[in-house]
1. Using only Cα atoms, find the angle between the long axis of helix 15-31 and the longest principal axis of the chain, and express it within 0 to 90 degrees, rounded to the nearest 10.
2. Relative to the longest principal axis of the chain, what angle (0 to 90°, nearest 10) does the C-alpha long axis of helix 128-142 take?
3. What list of ³J(HN,Hα) couplings, whole Hz, do you get for region 112-117 from phi and the Karplus terms 6.51, -1.76, 1.60, once you set θ to phi - 60° and write x for glycine and proline?
4. Just rank Asp139, Asp292, fewest to most, by other beta-carbon atoms within 10 angstrom.
5. Would you work out the relative contact order for the chain, in percent, from Cα pairs under 8 angstrom that are 6 or more residues apart?
6. Thr83's amide H: which non-local residues (gap 5+, or another chain) put their own amide H closer than 5 Å, with H modeled 1.01 Å from N in plane and none for Pro or chain starts?
7. As I understand it, the value is the acute angle between the Cα axis of helix 267-294 and the longest principal axis of the Cα atoms of the chain; what does it come to in degrees, rounded to 10?
8. Just to confirm the filter: which chymotrypsin sites (Phe, Trp or Tyr not before Pro) across region 35-122 are DSSP coil and have at most 14 other Cβ within 10 angstrom of their Cβ?
Amino acid sequence: MTRTEWLLSEQPASRRQARLGQAYRTWLALKANRLAMVGLTLVLALIAVALLAPWIAPYDPIVGGDLRTDRLQPPSWEHPMGTDDLARDIFSRVIHGARLTLMVVVLVAVIATPIGLAIGTTAGYFGGWIDTVLMRATDIFLAFPRLILALAFVAALGPGIENAIIAIALTSWPPYARLARAETLTIRDSDFINAARLQGASSLRILWGHVTPLCLSSVVVRVTLDMAGIILTAAGLGFLGLGAQPPQPEWGAMIAGGRRFIIDYWWVATMPGLAIFAVSLGFNLLGDGLRDVLDPKARK
């Protein structure tokens with residue numbers, strides 16, 4: 001039996017074979033979606049650029065060249081994206097800015113996803129006053145636009161990339177909680193959940209051992225689709241001077257610095273804007289592909 005036949009076997013001999021087979025089928029379905037593969041390529045490119053930034057960037061992203069000769073130079077072979085008003089190479093700054101962007105995306109996902117899952121599954125499983133309290137708190141967060149709420153948190157915590165990450169995470173979890181609650185309501189009275197209760201399983205064990213894994217795929221899809229919004233929120237905070245502080249090469253702050261020269265020196269603000277566009281597009285395309293693969297309701 002070949003490896004492919006072993007993975008696609010309709011009668012797996014072990015849980016490991018079943019899980020690997022399911023993962024392989026998911027990959028095949030995702031691979032068949034060309035737009036999803038384009039999105040995956042863009043996301044992998046972001047990760048590769050972020051990891052290899054010190055070796056890819058030809059210049060120091062912080063220290064510029066001679067202000068008399070290198071300031072506001074147009075794109076050329078020497079400077080593929082031109083230079084800014086401090087004679088810094090924009091290409092090098094965009095490359096290093098990918099690190100900040102990836103850090104924001106990963107940390108927000110790591111912080112917000114567990115919070116949303118925990119609140120949503122708890123509210124949906126127990127119901128009653130617990131559901132009412134948790135969902136009304138969620139509704140309060142959802143009542144405010146994400147960027148406005150993030151601005152309020154950053155204003156309270158102070159400007160900086162760390163505080164911006166905390167603020168974005170605190171405003172990102174409510175949609176995940178609502179989604180997890182909806183998924184929990186559909187499965188909390190299923191036969192296998194009742195069987196687990198009859199066997200003496202505690203509520204905590206049922207929540208984390210049975211309910212949460214079933215809600216995870218939908219939440220992962222939603223998180224992937226929200227990555228573009230997270231990137232735009234981080235860029236918005238940076239643009240307003242509340243995110244990463246100079247001289248850090250953050251894309252939103254770079255656009256803010258280049259908006260004064262947008263007419264005569266368009267490349268200063270355009271290049272980081274194109275980077276935000278490409279990465280946001282990649283996450284959106286990948287999220288759409290994952291939704292089609294992981295959400296049975298979306299399959300045709």
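1. The answer is roughly 50 degrees.
2. 20 degrees
3. Coupling constants for region 112-117: 6, 4, x, 5, x, 4 Hz.
4. Exposure proxy ranking, most exposed first: Asp139, Asp292.
5. Here the relative contact order equals 23 percent.
6. Leu72, Gln73, Ile90
7. Computed tilt is about 10 degrees.
8. On the way: sites: Trp55, Tyr59, Trp77, Phe91; in loops: Tyr59, Trp77.
Answer by residue number: Trp77.
Where a number appears in this text, it was derived from the coordinates with a stated rule and is not lab data. Worth saying up front: this structure is predicted, and the values here are computed from it rather than measured. In this analysis, Cβ positions are derived from the backbone assuming ideal geometry, glycine residues included, and neighbour counts consider all displayed protein chains.
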